[in-house]
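The values are calculated or read from the model by the stated rules, or taken from the named source; none is laboratory data. These numbers come from a predicted model, not from an experiment. Every residue, glycine among them, receives a Cβ derived from its backbone with ideal geometry; neighbour counts consider all protein chains shown. Only protein heavy atoms, including side chains, enter the accessible area calculation; ligands, DNA and RNA are left aside. Shrake-Rupley method; radii C 1.70, N 1.55, O 1.52, S 1.80 Å.
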Amino acid sequence: GNVVFWMRMHDLRIHDSRALALASDLAAKRRKASAGSGGNLIVLHILSPGDFKAHDRGPRRIDFLLRALKQLEAGFNKLDIPLVTLLVHPRTTIPDRVLELCKEWGATELCANIEYEVDELWRDLRVIKKAREQGVHVSMLHDSCIVPPGKVLTGNGKPYSVFSPWNRKWTEVLSSDLSLIEASPDPEPNPKSIRTDAKLKGLFERKGDGYGVPDEIAGFECHDKEYMAKLWPVTDDAPFKVLDSFMTGKGGQTVLDSSAIEQGKGKVEANSKESRLGRYAIGRNLVSENGTSRISPYLAAGLVSARECIRRTKAITKRLTVGRDSGAAMWNTEIAFRDFYAHVLAAWPKVSMGHAFIPKYENVRWERDEKSLEAWKEGKTGYPIVDAAQRQCLKQGYMHNRGRMISAMFLTKHLLQDWRLGEKHFSIHFVDQDQASNNGGWQWSASTGTDPQPYFRIFNPLSQSEKSDPEGDYIRYWVPELKGVKGKAIHDPFNRLTKAEFKKLGYPEPIVEHKSARERALRRYKNPGDE
Ligand code: FAD
């Protein structure tokens, strides 16, 4: 029999994929056992608009996916492995379609990396049941996290809901089993005979009837494809160049509109004080710096494994670098954060179903105010740092983590809007859209989640602005109305300029006043159901 590797939205790569490596190994074993016949590896990708919609994935995330698939098609082709892409609608028919294809291709093995979202788990259970009836053996592997969900538990075998003890345990598990960050072997090429096989040869150029990688998908047309391709290029080595640029590129420059690769211009010694990685403890807090890696779109779509990030850091620092005592350690702790939120999502499925983690906050009486929601979305709240971050989101499909936190907290606390509305907005616009991290970030900011920011600690957007954009360069770049505002007034032009000066800017007045908004939020969170 042949072997199908079902590649998903989160594992779009050839190098270092657990299930792809297993599929290749199984195919090789079959070839050996059957003296050359069978044992071909076929890669399948299902495009499911129904899933995109259900997860609020937006045009940029889908465009990134399609660009990655085109690149992968060529990469697999070199290995004589067909990558078959099929558009399936409605999504409830996916299990049937996958098993029909297994039958058509004479496949007796199906391998995939696990997706932890609820819908995807239910879908996979249906696949496993049907496969069993059809005599197809299914292998579902942990791949996207460094330490698989379910492996970081308290002494009582329970999942952690607080990051610090979770992180200590995560570090312990990883330190005692470094195979967790070992790379999986690359897949072996198929035998050349697949190119003449009556049943399979057509798969290399199967097009039409929903087959093939489309340029776009109806309902998810990306209006700024070229800009996205410049900012977030997809080539075989793009994610590695992004990592190199972070680890050995010069930090500190303000490069606000360049590609993820160009962010670290000028080679310096890896992890030195000048490099972006070495400076990460500073850069991670400054929205105006090129201080973070910008690897997130590549990690979210799986063009590079999270293991690779830890391995690369380890190669530079010569040890597993975790904790908080250096830029490299802090950066690896952020990679751990990605695991943490995936573990939370896997342990408490309710968080991926729109529920607050803390039941008390399930029904906060949110202000349902369309106008202020729209102002926030468009970056017209009158709070320069919030507006800059929101406009960066609209333009680049990306925001600095500090910008995400400031903006999310402003929406949920100052405007008292339901965090789910903000979660959806980010999800639709982000090229790095990832349900676990997005939900985790929103519930942290809204104080409704695991290990949340306590509700009474509400970011002051003005002091956050001074701290994270000291010179105001980030604001001037993204909010052109404020380009000419000098000095500290950039953070709070409404209160620091004269009325006449402010009026001339053509920039909106603050839609809420910080102090009273803060007090309203405190009252509401104390008694979530009433005023
Ligand atoms: P770096 O600082 O270089 O970090 C490296 C990697 O570590 C990131 O690429 C990411 O994979 C991981 N990471 C860093 N910070 C976090 C974090 N707080 N939580 C989880 N993982 C983290 N990240 C996404 O990938 N997709 C999202 O949809 C997303 N939505 C968010 C929404 C909110 C409200 C908040 C507060 C955070 C969100 N994050 C999300 C997390 C974080 O902001 C981004 O991962 C980070 O800004 C990406 O930039 P970077 O790659 O330069 O990060």
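Each other residue within a Cβ distance under 15 Å of residue 453 adds +1 if Lys or Arg and -1 if Asp or Glu, for a net charge of +4. Distance distribution note for the stretch 1-143: the fraction of Cα pairs above 20 angstrom is 45%.
The mean of 1/r over all pairs of different alpha-carbon atoms in the chain, once inverted, gives a Kirkwood hydrodynamic radius of 24.5 Å. Distance from the alpha carbon centroid of the stretch 136-202 to that of the stretch 238-278 works out to 29 angstrom.
For the chain, the relative contact order comes to 15 percent (Cα pairs under 8 Å, sequence separation of at least 6). With all pairs of different C-alpha atoms in the average, the Kirkwood value for the hydrodynamic radius of the stretch 249-378 is 17.2 Å.
Contact order, relative form, for the stretch 1-143: 34 percent (alpha carbon pairs under 8 Å, 6 or more residues apart, mean separation divided by residue count). For the pair residue 122 and residue 463, a Förster radius of 56 Å applied to the C-beta separation gives a FRET efficiency near 0.80, rounded to the nearest 0.05. For the stretch 245-289, applying the loop criterion from DSSP together with a ceiling of 14 other beta carbons within 10 Å to the trypsin sites (Lys or Arg not before Pro) yields 265, 273. Rg over Rh for the stretch 84-160 works out to 1.06, both radii taken from alpha-carbon positions and Rh defined as the Kirkwood radius. Please list, by residue number, every one of the GluC sites (Glu not before Pro) in the stretch 103-197 that is coil in DSSP and has at most 14 other beta-carbon atoms within 10 Å. Hits after loop and neighbour filter: 182.
Annotation: average projected area of the stretch 28-104 is 6.2 square nanometres, based on the convex hull of Cα atoms across all directions. Cα extents for the stretch 395-531 along the principal axes, largest to smallest and rounded to whole angstrom: 43, 37, 23.
A 1.4 Å probe, protein heavy atoms only, puts the accessible area of residue 154 near 40 Å².
Helix 118-134 and the long axis of the chain differ in direction by around 10°, with both axes built from C-alpha atoms.
I'd like the orientation of helix 435-445 relative to the chain: the angle between its Cα long axis and the longest Cα principal axis, in ° from 0 to 90, rounded to 10. On a 0 to 90 degree scale, this one is about 20. Computed over the alpha-carbon pairs of the stretch 85-211, the distance histogram in 10 Å steps reads 10, 28, 30, 20, 10, 2 percent, short to long. Packing, taken as the mean count of other beta carbons within 10 Å per residue, orders the peptides 351-363, 307-319 from highest to lowest as 307-319, 351-363. Most simply put, the chain has about 20% antiparallel DSSP beta bridges, counting only bridges with both residues inside it.
Residues with beta-carbon under 10 Å from that of residue 123, excluding residue 123: net charge, scoring Lys, Arg +1 and Asp, Glu -1? Counting the neighbours of residue 123, the net charge comes to -4. With 10 Å bins beginning at zero, the pair-distance distribution over Cα atoms of the stretch 149-301 amounts to 9, 21, 25, 26, 16, 4 %. Using the alpha-carbon atoms, what tilt in degrees (0 to 90, nearest 10) does helix 306-317 show relative to the longest principal axis of the chain? The helix 306-317 is inclined about 70 degrees to the chain.
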